[in-house]
Every structure is written in structure tokens, then in C-alpha cells.
Amino acid sequence: MDSAHSGAVADPDPRPTADRGTAPGGPPGRAVVVGGGISGLAAAHRLTAEGWRVTLLEAAARVGGKLHAGELAGVPVDLGAESVLARRPEAVELARAVGLGDRLQPPATATAAVWTAGALRPMPKGHVMGVPAGSASLAGLLSAEGLARIDRERELPPADLGEDVAVGRYVADRLGPEVVDRLVEPLLGGVYAGDAYRISMRAAVPRLFDFARRTPSLLDAVRAVQDEARDRRQDGPVFLGVDGGVGTLATAVADAVRAAGGELRTGTRALGLARTADGWRVRTDRDETLTADAVVLATPAWSTAELLAAECPAAAAEIGRIEYASMALITLAFRRADVEGVLPGGSGFLVPSADAPTIKASTFSSRKWRWVDEASAADGLFLLRTSVGRYGDEDHIHREDGELVDVSLRDLGTVTGLAARPVASTVTRWIGGLPQYPVGHPARTARIRAEIAKLPGLELCGAAYDGVGIPACIADGRRAADAITAMPTRARAAGEDAGQ
């Protein structure tokens, strides 16, 4: 974090600093974006569109973070996130902006199941992140006692949610623990790899939290959320994928940033951040220091905390307390003839942590996505994937690849009866991949933002703060970029003076 680093000061513009951007309409300034996941890419894309000279630094060998398009047995497939929430506009807007609009696809089937009490049961409809609006659709999934508990919810006195509450605790108190264990936990586990009894309701399901604070009944709050969605005419696909993989969104955004004049440096780690009299300096592991009017930190919490330790210790301390969960994806290619008539219908299944299997979910990729189906069918293959890893239970992540494949096959056999061996497999680990949002997380984020606001020209964005989904990360990257474009810079001031 030493601002007096002896390495060269890297500066692609050879003109003296005072001479830059002096012509009216010239570039408004230079920004360094640290972190090449979708949040950082979205920020860079927005800044270059506004005329900023942008350098993006990414420590890994590729950009995209958890958006990773790969292949198995010659078949293109996502090895990270595979879909985007379509009922938020940001990801769809960005995909269209970078030329992927005609490649957006809804799932070929959205029918999923839950494996519980030794059987696969259809995932019920009419819920908000697993919280139901009633018991009618849950027969067979919950016990008779569990169903009756839901029906008595309106008899309970109103609950005081305060400023925040754990999703699992509140739902269990109102509807019973079976709802949490069989529905809420596996769905939240798929998003956060977290513990439903720790996850903040205000952060994870904010609209439900808002209605629950104003409505005596949780069941009525769920219906209010559903009515609001209907009033907004949100009746299209809930999720969308991209032909070729959601991972191609990251590469397309990166290409657009380059085409707009931005520079993307992979394999380059930021080591230090320091304020100057008129901007910022970012020291890298390439023995150089970049100068900038503004910096966007789109890095994981632990990295952001290190970079901020000297300049903003209060924010660094708060950010450093954000915890993460790790997970692994095991992608398997089978001969199509070996799975036909064996795998159940639908796009896959979820597994509550209360049940025995190690895997927490399986997605039948060749059935869920048309583009995977077409590519795999051409070679007589069928692709599916499983996932392992939850907060506080991550020992499985560190097993050898072969062990994770064997565990997945064992659990697939238990759940579906599949006995075949795959013809190819690959394991993708996301160590520290999913930030946790415990009770109090929104308040922590507010404290972090308040401290950062004291440092002009510095913005934070990413999954650690206001949402882990792709649209939420894109929105946060855009917000950071918009905050920077609104600030005064030397170049903009010089341009305005020159025009008078």
C-alpha cells in the first residue's frame, strides 16, 4: 500500500498530465477498474461509453469471474453461472448492448424437483424463494403436521421483524421448520451456498421483507409480492441463458470495452492503492504504478479490504468481516443411450441439506438448454452437472477430482437410479466464490458506503454488497461508474475552461 513505490509510473498517454483533456469535449478522465468479474466489466463498459479512458486489472488469466464458458467432450457448456434472472433488466440490457440479444434463450424446461424423504417430488409453484403462499401445492412434500402448521399461520400474532431477521428463523417461526428444511434452504443454498438460519431476509428477499413488516401474515406477504409481480406484468421467463453459455456475456463485454478504447490487463494484480493531491495511484505486481482520476474496486471482499487498509481502515475492517462459501461444480458427459429412460423428467433437482446426499443439486444441462442439447446430441452425448459445498461444510471441496466425480455418481444413483459411468468429466472449484449475507448485512453495506463516500473518486461494486446475482452485480457496476462520471475531474474542468 506504499504510495512511494519505486517502480515506473505507467501512463499510456505521453502528454504531461496538465495538458490532457484540455480541448472541449475531450476525455473526461482516466479510471482504473480493479477486478474483471461481471461487476468490474459492467463498470468499465459504462465508463468507456461515457468517454473515460479505462484500464481494467484482473489477477486471473481471464476475465469473467464466475461467468466461465468452457467445454466438455467437445460440447460447449457453462462451467460457472448458467443463467440470469430475466425479471431484472440489467443483464438482458447488457447482453443486447454487446450483441448477444438474439442469443438469449429461456430454459427448454423449467420443471424441477426436490429430493426429500427418499423420493423425488415436484418443486411446487407459487412461492417466493421457497416461502409458500399456502399449503395447497405442498402435499407430498411436507408431512400432514407440516401442512397443518402452514394453515394455522394467520392465527399467530404479528411478528416484529425489526431492522432485519434471518430468513430461516422467521419462516420457521411462522410456517414451521419443514418449510425451511424442504424448500427455503435448498433454494437459498443454490444462490448463496449458505445457511438459511443465518441469511438476512432483508438482503436475500427484500420485497418479501418489506411486505412482511407491513402485513400481519407471512402468507399474505407472499401473496402481496406475487400480486406486485403480476401488476408489473412480469409474466415472461424467470430466467434466461445465452446460446454458447452465459460465460460468453463476459467475453462479449470485454470485447466491447476494448473496442471503445479500454485496456484490459489479465494476470495483473493490484497490490496497493494510494490517494494523491488530484487522484489515485494503483500499484501492481508488474512493478508499475498507474495514475487515475478515479478507481473502481470490483474485487472480492478480502482483496478489497487489503487495498483499502491504509486509505480507509474503517471500511476495510467492515469489508474484511464479510464471509464467503466455496463450492464445486462437477460436469459429466454420458452416452445419451445410457441416460435415456433413466433420468427423471425436468431440468434437474435440488437436495435439502437435511437429507443424506453430498450433492446439493443437479442440473440436466442437455435437457435444460437447447443449445447444449443440440451440441451434445450431435455426438450422442448427454451433459449434466452436480454441485457440492455449503457454508460451514466445505470439506468436500478439497477432495480430489476423481472423488468428487464418484460422490456425484453415487448420489445420482441414489436419487435417479443412474448407474452409467461418464465418458468425460471436469471439476470446477469456486473457492470463496459466494459472499454470505447474514443478518445485519444491509446495515454493514450502508456503513461501508458511508465511509467510501468520504473518498472522492473511489467506488466499490460487486457481489459482496447488494446482491449476488448477475443482474445485481451489473447494476452495482453501473452505479459505481455513474457515480464516477458525475464527479468533477481535472480534464473536465480544463475542457470547460477552454470553452469559455
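The values are calculated or read from the model by the stated rules, or taken from the named source; none is laboratory data. Keep in mind it's a predicted model, so treat the numbers as computed, not measured. Here the Cβ is made from the backbone with ideal geometry for all residues, glycine too, and neighbour counts use every protein chain on show. To get the accessible areas, we keep the full protein, side chains included, count just its heavy atoms, and leave off ligands, DNA and RNA. Shrake-Rupley method; radii C 1.70, N 1.55, O 1.52, S 1.80 Å.
Local charge for Arg202 was computed over the other residues whose Cβ lies under 11 Å away, with Lys and Arg +1 and Asp and Glu -1, and equals -1.
Per-residue Karplus couplings for the stretch 467-483, computed as 6.51 cos²θ - 1.76 cosθ + 1.60 with θ equal to phi - 60°, are listed in order as x, 9, x, 4, x, 5, 5, 5, 4, 5, x, 5, 4, 4, 5, 5, 5 Hz, Gly and Pro entered as x.
Relative to the current alpha-carbon distance between Ala139 and Glu163, full extension at 0.36 nm per residue lengthens the span by 5.3 nm.
Along the axis of the charge dipole computed for the stretch 210-258 (Cβ charges of +1 for Lys and Arg, -1 for Asp and Glu, origin at the Cα centre), the listed residues Leu219, Gly241, Thr251 are led at the positive end by Leu219. Distances between every pair of Cα atoms in the stretch 322-391, grouped in 5 Å steps from 0 to the bin holding the largest one, split as 4, 16, 24, 22, 15, 11, 6, 3, 1, 0 percent.
With a simple spin-label model that places each label point 7 Å from the Cα along the Cα-to-Cβ direction, the separation between Val238 and Arg399 comes to 2.9 nm. Panel note: the C-alpha atoms of the stretch 161-228, placed on their principal axes, show extents of 28, 22, 21 Å (largest first). With the Kirkwood sum run over all distinct C-alpha pairs, the stretch 87-231 has a hydrodynamic radius of 16.5 Å. Counting only Cα atoms, the stretch 214-362 measures 65, 53, 38 Å along its principal axes, largest extent leading. Rounded to the nearest 20 debye, the dipole magnitude of the stretch 302-345 is 260 debye, with +1 charges on Lys and Arg beta carbons, -1 on Asp and Glu beta carbons, and the Cα centre as origin.
Diagonalise the Cα gyration tensor of the stretch 278-420 and give the resulting equivalent ellipsoid semi-axes, square root of 5 times each eigenvalue, largest first, whole Å.
On the way: eigenvalues 370, 79, 32 Å².
Computed over the stretch 278-420, the values are 43, 20, 13 Å.
Heavy atoms only, probe 1.4 Å: what % of the accessible area of the stretch 110-174 goes to carbon and sulfur, would you let me know? For the stretch 110-174, the apolar C and S fraction of the accessible surface comes to 56 percent. Normalised size of the stretch 248-332, defined as Cα radius of gyration per 2.2 N^0.38 Å with N residues, equals 1.33.
I want the local charge near Trp280. Using Cβ-Cβ distances under 10 Å, sum +1 for each Lys or Arg and -1 for each Asp or Glu among the other residues.
Spelling it out: positives minus negatives among the neighbours equals 0.
Normalising the average separation of contacting C-alpha pairs (under 8 angstrom, six or more residues apart) by the number of residues puts the relative contact order of the chain at 27 percent. Projected over every direction and averaged, the convex hull enclosing the alpha-carbon atoms of the stretch 350-399 yields 4.6 nm². Hull volume per residue, based on the alpha-carbon atoms of the stretch 319-358 and their convex hull, is 143 Å³.
Residues whose amide H comes within less than 5 Å of that of Thr111, counting only those at least five positions distant or on another chain, are Ser347 (H built at 1.01 Å from N in the peptide plane).
Shape class of the stretch 41-105 from the alpha-carbon gyration tensor: oblate, with a/c at 1.5 or above and b/c at least as large as a/b. Each residue of the stretch 176-184 was assigned a 3J(HN,Hα) from its phi angle through the Karplus expression (A = 6.51, B = -1.76, C = 1.60, θ = phi - 60°), giving x, x, 4, 4, 5, 5, 9, 10, 5 Hz with x at Gly and Pro. Here the alpha carbons of the stretch 349-500 define both size measures, Rg and Dmax, at 23.2, 78 Å.
I'd like the carbon and sulfur percentage of the solvent accessible area for the stretch 315-378, probe radius 1.4 Å, heavy atoms only, ligands and nucleic acids excluded.
Carbon and sulfur atoms account for 44 percent of the accessible area of the stretch 315-378.
Note on the stretch 66-168: the C-alpha convex hull projects to 11.1 nm² when averaged across all orientations. In the chain, one over the average inverse separation of all distinct C-alpha pairs is 24.2 Å, which is the Kirkwood hydrodynamic radius. Computed per residue of the chain from DSSP H runs no shorter than four, each worth -39500 (n - 2.57), the mean residue ellipticity at 222 nm is -10000 deg cm²/dmol. Rounded to the nearest 20, the Cβ-based charge dipole of the chain about its Cα centre (Lys and Arg +1, Asp and Glu -1) stands at 580 debye. Using Cβ point charges alone (K and R +1, D and E -1), the dipole size of the stretch 318-381 about the Cα centre works out to roughly 60 debye. Residues in the chain average 41 Å² of solvent-accessible surface per residue, probe 1.4 Å, ligands and nucleic acids excluded. Under 11 Å from the Cβ of Glu153, count the other residues' Cβ atoms, weight Lys and Arg +1, Asp and Glu -1, and hand me the total. With Lys, Arg at +1 and Asp, Glu at -1, the net is 0.
Between the amide H of Val33 and those of Thr55, Leu56, Leu57, Val296, distances stay under 5 Å, these residues lying 5 or more places away or on another chain, with hydrogens modeled in the peptide plane.
In sequence order, the stretch 453-462 has phi-based couplings of 4, 7, 10, x, x, 10, 9, 10, 7, x Hz under the Karplus curve 6.51 cos²θ - 1.76 cosθ + 1.60, θ = phi - 60°, and Gly or Pro positions carry x. Secondary structure note: in the chain, about 70% of the DSSP beta bridges are antiparallel. A simple spin-label model places the labels of Ala61 and Ala310 3.1 nm from each other, with each point 7 Å out along Cα-to-Cβ.
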